[in-house]
Amino acid sequence: MNKKIIFSLLIIFSFFSSLLAQNKTGTTIGQFLKIDPSARASAMANASTSLYGEASSLYYNSASLGRLTNVDIQFTYNQWLADITYDYAVIAVPITNLGTFALQLTSLNSGEIDVRTVEYPKGTGERYSVTNFALGLGFGLMLTDRVSVGLQVSYIQETIWHSSLSTFGLNFGVQYQVEENGLTVGASILNFGPRAGYDGRDLYINYDFNSDKYGDNDLLPAELRTDAYSLPTSFRVGVSYPLIINEDNKVTFAMDAFHPNDNTESISIGSEWQFLNSFSVRGGYRDLFIPDSEAGLVLGAGVRVNVLESYNLRFDYAWADYGRLEQAHRFTISLGF
């Protein structure tokens with residue numbers, strides 16, 4: 001039964017992966033959807049397609065929800081590049097004999113930016129901002145004791161000053177645990193959805209139909225039309241292996257391969273050392289084989305504190321190097337019960 005399920009899922013994923021090859025580099029909207037929301041996963045180089053155990057694993061592979069056994073709530077603050085603010089929140093609730101449901105919220109804000117034009121290169125005195133927002137609903141369940149599947153639907157909105165676009169995105173994935181407490185493989189499709197373009201009053205203009213002709217109306221109301229672009233769809237496959245040294249020490253190794261529609265293929269590798277059942281140290285390297293990539297080394301750590309026996313608090317931090325763009329810092333606080 002397991003082999004039939006896995007074979008069918010692989011055919012589906014291969015089909016959608018082939019669709020990605022038809023798109024061109026650098027022509028997608030919704031770039032904020034590519035920012036890692038989890039400090040733990042980010043510190044492991046985003047190699048999390050086969051990992052599970054926290055609500056934010058939904059971002060990397062919605063099938064991870066099927067393996068979640070407790071209610072989990074997470075909040076992430078990310079001081080992103082160029083002082084851009086990124087916030088993320090998710091709650092996952094397992095329901096016995098049904099599966100796990102999750103609600104995910106992502107928000108990005110550029111802060112105020114000076115409006116500059118050719119005539120006023122130092123600024124017009126006006127200011128604008130860029131805001132992005134995504135609201136997702138996910139579901140995951142165990143098909144067998146080894147195979148989990150998941151699905152997420154998201155509403156996505158981008159706003160630049162007075163213009164905006166909105167669309168929907170679909171994520172789905174599968175995880176297969178080859179052996180208990182051992183090798184796990186996963187595959188997922190992220191941000192599959194319709195194309196979208198911007199609309200709004202920033203595109204309204206006054207148009208002169210014939211600038212060489214005098215006496216006609218040179219202030220005809222008109223509107224510019226923008227092209228529609230696809231979401232940053234990606235196919236990713238990953239493997240992870242936990243090496244249990246003793247009851248107080250476990251090292252997890254993870255590797256992901258990425259096939260996006262707006263960049264070249266890449267590989268990321270990461271690891272996590274958990275010790276004394278309370279502390280974690282993590283590290284990895286991202287975006288291997290991407291020419292001229294500014295991404296690279298990532299490091300992080302985490303602390304887990306049990307409260308009132310049935311509750312646990314987790315604090316995670318990740319530092320990511322972006323070369324000439326400097327670095328980004330992520331902080332995630334989690335509550336499980």
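With the condition kept exactly as written, say whether any residue in the stretch 96-108 is of a type in the set (Ser, Thr, Tyr) and free of Cβ contacts under 8 Å to residues at least 40 places away in the same chain.
So in the stretch 96-108, the residues of a type in the set (Ser, Thr, Tyr) come out as 96, 100, 106-107.
Checking the rest, the ones that are also free of Cβ contacts under 8 Å to residues at least 40 places away in the same chain come to 96, 107.
Looking for residues that are of a type in the set (Ser, Thr, Tyr) and free of Cβ contacts under 8 Å to residues at least 40 places away in the same chain, one finds at least one in the stretch 96-108, hence yes.
Between Ile333, Ile244, the distinction of being in a strand (DSSP E or B) and at pLDDT 95 or above belongs to Ile333 only. If you go through the stretch 256-292 and keep only what is of a type in the set (Phe, Trp, Tyr) and either part of a strand (DSSP E or B) or closer than 18 Å to Ile35 by Cα (or both), you end up with Phe258, Trp273, Phe275, Phe279, Tyr285. Within the stretch 115-144, track down each residue that is over 18 Å from Asp202 (Cα atoms), touching a residue at least 24 places away in the same chain (Cβ under 8 Å) and out of contact with any Phe, Trp or Tyr (no Cβ under 6 Å at 6 or more places or on another chain). Within the stretch 115-144, Phe133, Ala134, Gly136, Leu137, Gly138, Gly140, Leu141, Met142, Leu143, Thr144 qualify.
Looking only at the stretch 261-276, decide whether some residue is of a type in the set (A, V, I, L, M) and under 19 Å from the mean Cα position of the chain (by Cα). Yes; the residues of the stretch 261-276 include at least one that is of a type in the set (A, V, I, L, M) and under 19 Å from the mean Cα position of the chain (by Cα). Counting residues in the stretch 83-104 that are within 20 Å of Asn46 (Cα to Cα), in contact with a Leu (Cβ under 9 Å, 6 or more places away or on another chain), exposed (fewer than 15 other Cβ atoms within 10 Å of the Cβ) and not acidic (Asp, Glu) gives one or more. Residues of the stretch 211-255 that are surrounded by 11 or more Cβ atoms within 10 Å (Cβ to Cβ) and of a type in the set (S, T, N, Q): Thr226, Ser230, Thr233, Ser234, Ser240, Asn249, Thr252.
Does Glu309 count as exposed (fewer than 14 other Cβ atoms within 10 Å of the Cβ), more than 28 Å from Thr27 (Cβ to Cβ), out of contact with any helix residue (DSSP H, G or I) (no Cβ under 7 Å at 6 or more places or on another chain) and of a type in the set (D, E, K, R)? Here the answer is yes, as Glu309 does meet what is asked. Being touching a residue at least 24 places away in the same chain (Cβ under 8 Å) and part of a helix (DSSP H, G or I) is the filter here; which residues of the stretch 42-63 pass it? The answer is Ser42, Ala43, Ala55, Ser56, Leu58, Tyr59, Ser62, Ala63.
The values are calculated or read from the model by the stated rules, or taken from the named source; none is laboratory data. All values reported here derive from a predicted model rather than from experimental measurement. With ideal geometry, Cβ positions are generated from the backbone for all residues, glycine too; neighbour counts draw on all protein chains shown.
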